[in-house]
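S.K.: Below: one structure in structure tokens.
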Amino acid sequence: MLRAVWNGKVIAEAPRTVLVEGNHYFPPESLDRRYVRPSRARSLCLWKGVARYYTLDVDGLTNPNAAWYYPRPSPLARKIKNHVAFWRGVRVEGTPEPDEGAGGGG
């Protein structure tokens with residue numbers, strides 16, 4: 001199980017994430033919505049599209065724009081649509097569970 005942790009709270013938890021450019025993108029349903037609120041911030045990635053952000057609020061502390069997601073990613077990045085990645089002190093801990101039915105070899 002993988003967890004995104006900030007200020008001692010689990011912000012997101014999932015058995016698997018989508019790994020892109022070293023960032024774990026958590027499925028949208030794994031996000032604990034008690035700790036996030038939409039931000040007005042936006043940024044542009046030339047190959048993924050326009051990112052939107054969440055600010056984290058945990059036990060009276062705020063971490064502005066500490067999570068981002070792509071609501072309408074480019075076709076090349078469609079696997080991360082609405083998946084959430086973290087930075088600014090949010091730690092990703094744990095080990096992903098193996099994909100069931102994944103073949104060996106390599």
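S.K.: Taking HIS83 and the conditions (1) in contact (Cβ under 8 Å) with a residue 60 or more places away in the chain; (2) under 12 Å from ALA4 (Cα atoms), which numbered condition does it fall short on, given that it satisfies the others?
M.R.: Failing condition for HIS83: (2).
S.K.: Oh, and also: Got a sec? Which strands (runs of 3 or more DSSP E) wholly within the chain have at least 2 residues that are crowded, with 16+ Cβ neighbours inside 10 Å, among the small types (Gly, Ala, Ser) and touching a strand residue (DSSP E or B) at 6+ places or on another chain (Cβ under 8 Å)?
M.R.: It comes to 9-14, 49-58, 61-69.
S.K.: What pairs come up if the first residue lies in the stretch 1-23 and is modelled with pLDDT of 95 or more, the second is polar (S, T, N, Q), and their beta carbons are under 8 Å apart, counting only those six or more places apart or on different chains?
M.R.: Filtered contacts from the stretch 1-23: MET1/THR95; LEU2/THR17; LEU2/THR95; TRP6/ASN63; ASN7/ASN63; ALA12/SER30; GLU13/SER30; ALA14/SER30.
S.K.: Being among the polar types (S, T, N, Q) and in contact with an Asp or Glu (Cβ under 8 Å, 6 or more places away or on another chain) narrows it down to one residue among SER43, SER74, SER30, SER39; which is it?
M.R.: Checking each option against the conditions leaves just SER30.
S.K.: Here's something else I'd like to know. When both residues are 6+ apart or on different chains and their Cβ atoms are under 8 Å apart, which pairs have a first residue that lies in the stretch 43-59 and is more than 14 Å from LEU76 (Cα to Cα) and touching a residue at least 24 places away in the same chain (Cβ under 8 Å), and a second that is assigned to a strand (DSSP E or B) and hydroxyl-bearing (Ser, Thr, Tyr)?
M.R.: SER43/TYR53; TYR54/SER39; TYR54/TYR69; LEU56/THR62
The values are calculated or read from the model by the stated rules, or taken from the named source; none is laboratory data. The structure displayed is predicted, hence computed values, not measured ones. Virtual Cβ from ideal backbone geometry, glycine too; neighbours counted across all protein chains shown.
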